[in-house]
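Heads up, the thing below is written out as structure tokens.
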Amino acid sequence: MILIVGGGVIGLSIAWKLIEIGKKVLILDKNKLGKEASWAAAGMLAGRMESEPGEEKLFPLLAKGQLAWPKFAYELENISGKKVEYKKDGTIMLACDFDENNKLKSTFSFFKKNKINMEWLNGEEIRVKEPYVSTKVLSGIFSKKDHQVNSRFVLDALLTVIKRNKDKCFIEENTEVKEIISNKNQVIAVKTNKKVIKVKKIIICAGAWTNKIKNISKEKIPIRPVKGQMICLKMNKNQPLIKHVLWRNNIYLVPRNNFDLIVGSTVEEMGYDKDLTAGGIFHLLRIAREMVPAIEELPIIDSWTGLRPTTIDDAPIIGPSKYLKGLIFATGHHRNGILLAPITSDAIKNYFLSGKIGKEFVNFQPDRFLFN
Ligand code: FAD
């Protein structure tokens, strides 16, 4: 039996892949499955637009993550019988004034230098694609290859698959892993809020709470929560305002097929605080309204916050502990956990098949922080 700690998109995808190769898994979650960061996500698969200076070692991983999605979505829809709404309309990053235009030009050069091909559009060209975009918008960068998925549909599909496999997948909700127990550098059990469970293989998929588990490992696992606030507006189905994902100043508008329009997200260092604040919502709406003024008329139908699991280098931690046999990490996906779920779950599956973690994760091992 393999123990998976945490049932977000990472833990659930891994459970699916391990069941497929005949393994038995037990998923423990301190709350309900799939109700934390993965529930909060916007579902952008925007590895290209997300590429930032200083994070160059992440680019190949983000690119691979993006390439893996069509197959993952296809297989998940087929096996679950549920739609995940994988959409390929693309993403446009906008500039609303001259300063933003200059900044966007340097972002465009940065993408070019790193062989991330995008298309430069002027304001008129943007309004041909998106007629409701403000006349103040001067320019934009269009990425045809930055896609999106409905992340809540993905969670629902994953839950459908694993719950169907009752003989291979066991689930205990409201069960928090408090401590890892080892003997002679081998994992032997976990202590939860309810009982001790004997187990020799543990995969840590506990997202922003990873560090709260006692005796997690001698490796430093520098994960912290980074809060994001979101709101959801409802577009008129006879007159949907936008088709593409639109970005500006790190705020995005994500249109879904049911005419929901997600507006996200703040990036806040607030520890485990999950309050929705007036300032946060005001910030989202101000930036969004400058992109698409007509959002003013739309009803707000929902709002929420989530905690991104973020490491000091913004990259995930994937692979076995070098100090504690039987302990494996798949955590710290920061703002790209939906995008990276397919290749993370494949990597862990392959680890169980071959005993090795794939080359693409060589820079993302748990012991890399020891030297920082
Ligand atoms: P989570 O979904 O947080 O799951 C962790 C699970 O572990 C939880 O269910 C929790 O209850 C459980 N747990 C924790 N500790 C314990 C314990 N000790 N014992 C038992 N269970 C435990 N990514 C994208 O790719 N695209 C996006 O558009 C995007 N938008 C985002 C928007 C927001 C506002 C936020 C907050 C994140 C966004 N992300 C996005 C990032 C993405 O959501 C995360 O990287 C991803 O969900 C991480 O998945 P996870 O399974 O590791 O964590």
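Values in this text are rule-based calculations from the coordinates and carry no lab data. Quick caveat, the model's predicted, so the values are computed rather than measured. With ideal geometry, Cβ positions are generated from the backbone for all residues, glycine too; neighbour counts draw on all protein chains shown.
Across segment 14-26, rounded Karplus estimates of 3J(HN,Hα) from the backbone phi angles (6.51 cos²θ - 1.76 cosθ + 1.60, θ = phi - 60°) give 5, 4, 4, 5, 6, 4, 4, 9, x, 7, 9, 10, 10 Hz, Gly and Pro being marked x. Distance between the C-alpha centres of segment 90-153 and segment 186-202: 48 Å, rounded to the whole angstrom.
Using Cα atoms only, what is the angle between the long axis of helix 337-354 and the major principal axis of the chain, expressed in degrees (0 to 90) to the nearest 10? Between the helix axis and the principal axis of the chain, the angle is about 30 degrees. Name the long-range amide H neighbours of I2: under 5 Å, sequence gap of 5 or more, or other chain; modelled H, no Pro or chain starts. Residues meeting the amide H criterion: K24, V25, L26. The H on the amide N of M235, modeled in the peptide plane, is under 5 Å from the matching H of D260, L261, each at least 5 residues off or on a different chain. When you work out D = kT/(6 pi eta Rh) for the chain at 10 °C and 1.306 mPa s, using the Kirkwood radius from C-alpha pairs as Rh and the Stokes-Einstein form, the result is 75 µm²/s.
For segment 332-372, what does the alpha-carbon gyration tensor say about shape, rounded, prolate or oblate, given a ≥ b ≥ c as the root eigenvalues, a/c under 1.5 as rounded, and a/b over b/c as prolate? Oblate is the answer for segment 332-372, as a/c is 1.5 or above yet b/c matches or exceeds a/b. For the residue pairs K184/K212; K82/K356; K24/K88; K57/K325; K178/K220, alpha carbon separations beyond 29 Å are given by K82/K356; K24/K88. Rounded to the nearest Hz, the phi-derived 3J(HN,Hα) couplings of segment 280-291 under the Karplus curve 6.51 cos²θ - 1.76 cosθ + 1.60 (θ = phi - 60°) are x, 5, 4, 4, 4, 5, 5, 5, 5, 5, 5, 7, where x marks glycine and proline. A cut-off under 11 angstrom between Cβ atoms defines the neighbours of E100, and their net charge, with Lys, Arg +1 and Asp, Glu -1, is +1. The Cα center of segment 337-369 and the Cα center of segment 302-317 differ in position by 18 Å. Between amide H atoms placed 1.01 Å from N, distances below 5 Å from K325 occur with Q186, V187, all of them 5 or more places distant or on a separate chain. Report summary: the helix-based calculation at 222 nm, which adds -39500 (n - 2.57) for every DSSP H run with n ≥ 4 and divides by the residues of the chain, gives -9000 deg cm²/dmol. Backbone geometry of segment 301-311 corresponds, through the Karplus equation with coefficients 6.51, -1.76 and 1.60 at θ = phi - 60°, to 3J(HN,Hα) couplings of 10, 6, 7, 6, 10, x, 10, 6, x, 10, 9 Hz, x marking Gly and Pro.
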